[in-house]
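Throughout, read-outs are computed from the coordinates displayed, never taken from laboratory work. Remember, it's a predicted structure, so these values are computed and weren't measured experimentally. Reconstructed Cβ throughout: ideal geometry from the backbone, glycine too, with neighbour counts over all protein chains shown.
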């Protein structure tokens, strides 16, 4: 079963590194290098608008083929949430030529990994396999892209599957419930507030014609990107893709018309209860998008304050004061302005308020005094290692390429940005913390253990009511 609802955190550094490595234009290949790694990405287009990105990586006889659809939960209209994720399931139900389960019978049975995931900005279908399966993968992917058919019966079946997935991952998951509430609290009008998996009332009301219209709008060559990485011959691979996809009609993708979210002027809070041993809390600060240079400084800040046992927050809350079992934080900077999310689990009977006070002290130290050059340098080095590790496999390389294309649209535009991370200054880190991580820009969800009386959650604020309805 394809997994779903994946929240892929692509930090500014990830985007920077990818763009520095990945350059090219139609019919040409150009390369970039970083940390001794040299990668060329060949970008070509079919006449129907389909973009094809290819990267040879011959360290192992493995290939990844990834189909990126520029359609996520951000593209769903109010009251019809969950459609993008539902297609993640529906696309595996087969066509006349390759009926249900054939992707698994013909590919997984021969050692391939077959899966998909949906996030707020896009949906991805991928296979990772040995080179001898390349032709079959391309043929099967093109077939379902062109010949997928939706029936009311099929919709009803997969709708039940999604309801069960939602029950397991959100409704019966304390962390899932908290995360969903946090995004609704932080965004009032922007569709980033929709849960990727969809609202229950919206899923129940979806009709086959709703899904058919969504498919017609988004699942067409001009709105898709094919990424192939690994042990490939680029010319041969492109010929196979051109033969399989070239006859499919396409058009230019429509620009997304999503209004900006109004600025947040005061802190927002919501209290929940669940079967948990101790209190937990999550903070969300509204931040910027991946295309904004400030995203680099936010990533350096996140690395210094929240990454690992040597981070400032971990030392303060877990090691020194011993009030928390764990604390983490990272910047989610996607296509549109996103969130800096912090999650903390308190220890024993320690109240969330105590952890919040200590966390605010840690952040205030950066806002007031900044960070040290030693911390900045170590953060950049660790971010470098993380990205080098990400691209060591064909799948990791392909995912990074696809993310860059989906979020920024053109991997050639920031070829000169190779050094942007290294150029993040101490003042830029402090400035980003002052600008974004202040109380009036904060949304807080607190989770408390259920009381013996079975007291329910506090009445939700208006921002949480109705979800996508």
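Available extension along the chain between residue 425 and residue 168 is 88.2 nm, counting 0.36 nm per residue and deducting the alpha carbon span.
For the listed peptides 199-209, 399-409, a ranking on the average number of other beta carbons within 10 Å per residue, highest first, reads 399-409, 199-209.
Report summary: the helix-based calculation at 222 nm, which adds -39500 (n - 2.57) for every DSSP H run with n ≥ 4 and divides by the residues of the chain, gives -11000 deg cm²/dmol. The ellipsoid equivalent to the alpha-carbon distribution of the stretch 244-327 has semi-axes of 38, 20, 18 angstrom, derived from the gyration tensor eigenvalues as √(5λ) and listed largest first. Note on residue 310 and residue 60: with the Förster distance fixed at 35 Å, the Cβ-Cβ geometry gives a FRET efficiency of about 0.60.
Net length available on complete extension from residue 373 to residue 260 is 37.1 nm, with 0.36 nm assigned per residue and the Cα-Cα distance removed. Summarising the strand pairing of the chain, around 80 percent of its internal DSSP beta bridges are antiparallel.
Helix 352-369 axis versus longest C-alpha principal axis of the chain: approximately 80°, rounded to the nearest ten.
By DSSP, the beta bridges lying fully in the stretch 12-245 are antiparallel in about 85 percent of cases.
Between residue 252 and residue 101, the simple spin-label model (points 7 angstrom out along Cα→Cβ) gives 4.6 nm. With respect to the chain, whose longest principal axis is taken over its alpha-carbon atoms, helix 373-390 is tilted by about 30°. With the cut-off at under 16 Å, measuring from each backbone N in the stretch 177-205 to a point 7 Å along the Cα-to-Cβ line of residue 161 picks out 197-198. Within the stretch 36-187, the ratio Rg/Rh, alpha carbon atoms throughout and Rh by Kirkwood, equals 1.01.
Its convex hull of Cα atoms gives the chain a direction-averaged projected area, equal to a quarter of the hull surface, of 22.2 nm². Mean separation of Cα pairs under 8 Å and 6 or more residues apart, divided by the residue count, gives the chain a relative contact order of 25 percent.
Take 295-306, 42-53 and order them by the average number of nearby Cβ atoms within 10 Å per residue, most first; the result is 295-306, 42-53.
Highest mean packing first, where packing is the average number of other Cβ atoms within 10 Å per residue, the peptides 258-268, 314-324, 159-169 line up as 314-324, 159-169, 258-268. Going by neighbour counts of Cβ atoms within 10 Å, the residues 442, 110 line up, fewest first, as 110, 442. Placing pseudo-labels 7 Å out from each Cα toward the beta carbon at residue 365 and residue 209 gives an inter-label distance of 6.1 nm. Here the residues 383, 240, ranked from fewest to most Cβ neighbours within 10 Å of their Cβ, fall in the order 240, 383. Residues in the stretch 255-270 near a label at residue 188, defined as backbone nitrogen under 12 Å from the 7 Å Cα→Cβ point? Hits in the stretch 255-270 for residue 188 at 12 Å: 261-268. Relative to the first principal axis of the alpha-carbon coordinates of the chain, what is the inclination of helix 152-166, with its axis defined by its Cα atoms, in degrees from 0 to 90 and to the nearest 10? Helix 152-166 sits at roughly 30 degrees to that axis.
Distance between the modelled labels on residue 108 and residue 48, one decimal in nanometres: 2.8 nm (7 Å Cα→Cβ projection). Here the gap between residue 236 and residue 388, fully extended at 0.36 nm per residue and compared with their Cα-Cα distance, gives a gain of 51.9 nm. An ellipsoid equivalent to the stretch 115-226, defined through the eigenvalues of its Cα gyration tensor, has semi-axes of 29, 18, 16 Å when rounded to whole angstrom and sorted largest first.
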